[in-house]
Amino acid sequence: MDIFSRLSWFFKQEKRAYILGASMLILVGLLAGIVPMIIARVIDEMTNGTLTYSALLFWVAVVAGISLLQYAMRYVWRTNIFGTSAKLEKILRQRLFNHFTKMDSVFYQKYRTGDLMAHATNDLGSIRMVAGGGILTMVDSLTQGIITLFMMFWAVDWQLSLMVIIPLPVLAIAIRFIGKKMHFHFRRAQEAFSSLNDKVQESVTGIKVIKTFGEEELDTIDFNKMTANVVKKNQSVYFYDALFRPAIQTIMGICTVIGLFYGGFLVLEGQITVGLLVAFLNYITRMSWPMVAIGRLLNIIERGSASYDRIMDILKEESNILEAENPVTTPIDGDIQFEIDSFTYPQTSEVMLKNVKFTLPQGNTLGVVGKTGSGKTSIFKLLMRDYDQYQGRISFNGVDMKVYSLDTLLGSIGYVPQDNFLFSTTVRDNIRFGNPSASQEIVEEVARLTSVHEDIIGFPEGYDTMVGERGVALSGGQKQRISMARAIINSPSLLILDDSLSAVDAKTEEAILEGIKTNRQDKTTIISAHRISSVMHADEIIVLDNGEIIERGTHYELLEQNGWYKQMYEKQQLEALLEGGGEQ
Ligand SMILES: Nc1ncnc2c1ncn2[C@@H]1O[C@H](COP(=O)(O)OP(=O)(O)OP(=O)(O)O)[C@@H](O)[C@H]1O
């Protein structure tokens, strides 16, 4: 029941709808409670021989009128209670989504995407059930139970009523027991089903890999095992489900037998009329719903509480990246000063960046090279404030980056990640994602700059071609170049190309770098790459190894240092020659 008080903020906010809905429910219950008494009266008049045609028509009209009235009232309570509960789901979903957009990398490392999706769907659905079906079940069963018991005790016979309700507590206990078992098995069946879902998703996404390894058969066996498991778990649910209704019917049957036996006796004794006995038997059948409802309500509450806890736990999570009190919102520009003494990823112990320091004057280009895992992307993550817990300082134009508002900071940086991601929309909208009102001319201009325009006009529908979630219809190089165009369209003060040229050939790479250079004369660019040709024209190049700068300088200075850079350069030159590309 605690969940109702925890949701009281919502019930207060929507009290009008709930009061109206609950009032209608109570009225429907009251009217339903009257009908058996009308039937009793008609039967008694029949048995007494006092029933006239007009009286019969009158009572039929009354019952029909009650049914119509109930129809209208049921419509009102449904729209009010169920309609309002959908609002709660919407409010929580918005809060959750808003929260997701504010959270930092640490949060996304802690929670798996699949789990977050499940919270945003299943958990919110369970909470909505509390505010909809839960409230309905509680008010309706209480009303129906109280009204029915009242009519049985007051309008029929209290002794007869007492005799009949004796088995009801047994029913309540049985329902609770079976309900608990069902809930337990239902949860296990759900878990099995969600694992099956994950499996299908993974298999479909990785189907190419599965096929190339010839693992279809094993994958199918795996899938069949999981399906069998889902069936097994569901069978347990059906087992208890099969006990549920018969248990209710049996106990209600016992109640009816007692009612008929003792009620018949009272009729013979002349203590109650036949009509009242019929009404009484009708009331007995009406008692089964409140019994069922107790079990159902407890289930709804249990699930809703667990879901509410999970959602609140997520909402309680705070981002480690906090906005400054009075953040600077003027666009960032000027020289970049990157002075990191040390940086360690949260939940790890190894220092990732050690003494990485560089100054990048506005308009210059910095090249970052180094072995895989040497820390190149880590530098970019810090520049984009993915992590704050480092020793050192990063400043733009002498102002600590933490002073800028996050929107300003990130709005001034164009980032092209290694694993470029395209949205499921047209090529055009992907390119102008950061500037939806950009004209076709501007879109084409940046597409030319990143050498992808010719490719796009060759697509079936040109710039209107739809791109799948991961751009399945496009080559890796095309995806890279579209992602680059998307980053460039806003002329960001700082452009970061994180190994973004790896899937394009040497000639295209040269054209793109040349385009960027002429287009971004007074803007700053950082390029990380495994191919030396991507960075050799930079104003400064740093070579990272194990999170430390081991060499730095211009291309020619680095060649003179005769270290890792020179070795890599010569190796790559040789490879290019062997491939027939020769000196670029
Ligand atoms: N979120 C994280 N938590 C813990 N360790 C991380 C995290 N992200 C990266 N690392 C580790 O930091 C190291 C450097 O990774 P980084 O991505 O900066 O390397 P990189 O030089 O960009 O590599 P590559 O050239 O392969 O892209 C790696 O050992 C990686 O495992």
Checklist entry - Looking only at the stretch 330-376, which residues are part of a loop (DSSP other than H, G, I, E, B), within 14 Å of the ligand (Cβ to nearest atom) and touching a strand residue (DSSP E or B) at 6+ places or on another chain (Cβ under 8 Å)? => result TYR345, GLU350, LYS371, SER374, GLY375
Item to check | Residue count for the stretch 529-551, restricted to those that are within 22 Å of SER342 (Cα to Cα) and of a type in the set (D, E, K, R) | outcome: 4
Checklist entry - Going by the structure shown, is ASP386 within 16 Å of the ligand (Cβ to nearest atom), open to solvent by 40 Å² or more (accessible area, probe 1.4 Å) and among the acidic types (Asp, Glu)? => result yes
Checklist entry - Just a yes or no: is a residue in the stretch 309-323 of a type in the set (A, V, I, L, M, F, W, C), at pLDDT below 90, open to solvent by less than 30 Å² (accessible area, probe 1.4 Å) and outside any helix (DSSP H, G or I)? => result yes
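Quick one: which helices (runs of 4 or more DSSP H) lie wholly within the stretch 88-159 and hold at least 2 residues that are open to solvent by 30 Å² or more (accessible area, probe 1.4 Å) and within 16 Å of the ligand (Cβ to nearest atom)?
On the way: elements: 105-110, 113-118, 124-129, 135-150.
In the stretch 88-159, the matching helices (runs of 4 or more DSSP H) lie at 105-110.
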Item to check | Pick from the stretch 3-49, criterion in contact (Cβ under 8 Å) with a residue 12 or more places away in the chain and among the basic types (Lys, Arg), ranking: nearest to ARG303 (Cα to Cα) | outcome: ARG6
Checklist entry - In the list TYR569, TYR565, which residue meets the criterion of being in contact with a helix residue (DSSP H, G or I) (Cβ under 8 Å, 6 or more places away or on another chain), under 26 Å from LEU353 (Cβ atoms) and within 16 Å of the ligand (Cβ to nearest atom)? => result TYR565
Checklist outcome for this item: Here the qualifying pairs (Cβ atoms under 6 Å; residues six or more apart or on different chains; first in the stretch 296-320 and more than 24 Å from PHE186 (Cα to Cα); second open to solvent by 40 Å² or more (accessible area, probe 1.4 Å)) come out as SER319/LYS102
Item to check | Filter result (within 15 Å of ASP313 (Cα to Cα) and either in contact (Cβ under 8 Å) with a residue 40 or more places away in the chain or touching a Phe, Trp or Tyr at 6+ places or on another chain (Cβ under 6 Å) (or both)) within the stretch 79-105 | outcome: LEU92, ARG95, LEU96, HIS99, MET103
Next on the checklist: Report every pair of residues separated by at least 6 positions or lying on different chains whose Cβ atoms are under 6 Å apart, first residue within the stretch 368-395 and under 28 Å from GLN567 (Cβ atoms), second more than 10 Å from the ligand (Cβ to nearest atom) and hydrophobic (A, V, I, L, M, F, W, C).
Outcome noted: VAL368/ILE542; VAL369/VAL535; VAL369/VAL543; GLY370/VAL543; PHE380/ILE496
Item to check | Within the stretch 379-397, tally of residues that are assigned to a helix (DSSP H, G or I) and farther than 13 Å from TYR345 by Cα | outcome: 2
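Look at GLN391 and say whether it is in the same structural domain as LYS517 (by TED's automatic domain parsing) and exposed (fewer than 15 other Cβ atoms within 10 Å of the Cβ).
When the stated conditions are applied, GLN391 passes them.
The values are calculated or read from the model by the stated rules, or taken from the named source; none is laboratory data. Keep in mind that what you see is a predicted model, and the values were worked out from it rather than measured. Positions of Cβ are generated from backbone atoms using ideal geometry, with glycine treated the same way; all protein chains shown enter the neighbour counts. Protein only, heavy atoms only, side chains kept; ligands, DNA and RNA dropped before computing areas. Shrake-Rupley method; radii C 1.70, N 1.55, O 1.52, S 1.80 Å.
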